[in-house]
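Asks: Quick one: structure below, then a few questions.
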Amino acid sequence: MSGATVPRPLPAAISRTIPQPRPSAADPILDVRDVTLRFGGLTSLDGVSLRHGRGSVLAVIGPNGAGKTSLFNCLTGAYRPQQGSARFWPTAPASPTSPATPASPASPAGASVLAGVGERGVDLVGRSPHRVARLGIARTFQNIRLFPEMSAVENVQVGVEVRARAGALRGLVPTRAVRREEREILERSHLLLDFVGLRHRVRWPAGSLAYGEQRRLEIARALGTSPSLLLLDEPAAGATASERRDLVALIRAIVDQGVSVLLIEHDIRLVAAVARSIVVLNFGRVIATGSPEQIRSDPAVIEAYLGDSDDGADDGADDRAGDRAAGQPGDGADGREGRR
């Protein structure tokens, strides 16, 4: 993201197609209860519970192997946990056929995916990935998953087309309505590239973009699905200091558009800059939940990152661990966790 500018607000025509938060800040968008995932004799997640407020950033941190990505895979349908629930309260999704007007539950684009969603929300467990995406959850990945030979704008179109009405008819029956939808999909894709600072890379093959630009392109594609909830899996991995600053601005801009963000990240200073609340996993269990300030001084978090200190150990170990958990510069720390 080197040299990128602060994300510009989306034009009204597209910002109205992104779900807006309901009035109450305490209103949940996601409620995970007692999720347990096992692979044979290995327990990847052990009774994990968390609650995510709508219109905010919730960060999930922890050492490598703590179960963070497994949690994302359970929420998005890649894995099916043996126990627990993950209730989600979606917002009516957007329809690319009418960029200036969001789809409502009464409209064809909204009714099919929101049917039966009431005060109890909808349980994500057991749903296929494409149905989870239609409900309004999008994600990025630890390892970038783009179509390298396709242009940047074509990659974003893949996401936008999740909300398309015409489907396969676009290629079989190119009616006037289908052609209009294709133009609107392309327009929305260009707007999203502009939003993430890739306006100058529209026609570039995705595989030729710099690493940080590919990260932003993946975020643009995810936003193309008009999510209520965006899952970001280590978006700052491999980023330079300036790219991390740009990413902070981008995440804040995404939340300003009404999209809730669930974030996995090893850059703890970035986490502290954007997240209101943090959940800490270790060996598949939640060991702490709280604000960045509370996490900084939590003994269980300090132990997870540095281990128990013997009587003869470095007296400053706990202070350095607290600095890392709170995103403060410790002795030689660069904002990343000690264990990756």
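The values are calculated or read from the model by the stated rules, or taken from the named source; none is laboratory data. The model shown is predicted, which means the values in this text are computed figures rather than measured ones. All Cβ positions, even for glycine, are placed from backbone atoms using ideal geometry, and neighbour counts span all protein chains on display. These area figures cover heavy atoms from the full protein model, side chains too; ligands, DNA and RNA do not enter into them. Shrake-Rupley method; radii C 1.70, N 1.55, O 1.52, S 1.80 Å.
Asks: Here is a check on your reading of the model: is N155 within 23 Å of L263 (Cβ to Cβ) and open to solvent by 70 Å² or more (accessible area, probe 1.4 Å)?
Replies: no
Asks: Please go through segment 218-260 and give me each residue that is touching a His at 6+ places or on another chain (Cβ under 8 Å), among the hydrophobic types (A, V, I, L, M, F, W, C) and under 13 Å from L270 (Cβ atoms), ordered by number.
Replies: A236, A237
Asks: Among L191, L186, which is open to solvent by less than 70 Å² (accessible area, probe 1.4 Å), at pLDDT 95 or above and farther than 13 Å from A222 by Cβ? Give the derivation first.
Replies: Details: L186 fails: at pLDDT 95 or above.
After applying the criteria, what remains is L191.
Asks: Next question. Got at least one residue in segment 171-186 being of a type in the set (S, T, N, Q) and touching a residue at least 40 places away in the same chain (Cβ under 8 Å)? Show your work before the answer.
Replies: Start the filter on segment 171-186 by keeping residues that are of a type in the set (S, T, N, Q), which leaves 175.
Those still in the list that are touching a residue at least 40 places away in the same chain (Cβ under 8 Å) too: none.
Taking every residue of segment 171-186 in turn, none turns out to be of a type in the set (S, T, N, Q) and touching a residue at least 40 places away in the same chain (Cβ under 8 Å).
Asks: A follow-up question, please. Looking at segment 31-43, is at least one residue under 19 Å from the mean Cα position of the chain (by Cα), open to solvent by 10 Å² or more (accessible area, probe 1.4 Å) and not basic (K, R)?
Replies: yes
Asks: How about segment 168-258: which helices (runs of 4 or more DSSP H) wholly inside it have at least 1 residues that are within 17 Å of M150 (Cα to Cα) and among the hydrophobic types (A, V, I, L, M, F, W, C)?
Replies: It comes to 176-195, 211-223.
Asks: Can I ask one more? Return the pair list, or none, for Cβ contacts closer than 7 Å from residues in segment 289-303 that are open to solvent by less than 80 Å² (accessible area, probe 1.4 Å) to residues that are at pLDDT below 90 and not in a helix (DSSP H, G or I), at least 6 apart or on different chains.
Replies: Between residues of segment 289-303 that are open to solvent by less than 80 Å² (accessible area, probe 1.4 Å) and residues that are at pLDDT below 90 and not in a helix (DSSP H, G or I), the close pairs are P292/G327.
Asks: Yes or no: A249 open to solvent by 10 Å² or more (accessible area, probe 1.4 Å), farther than 16 Å from G62 by Cα and in contact with a Pro (Cβ under 7 Å, 6 or more places away or on another chain)?
Replies: yes
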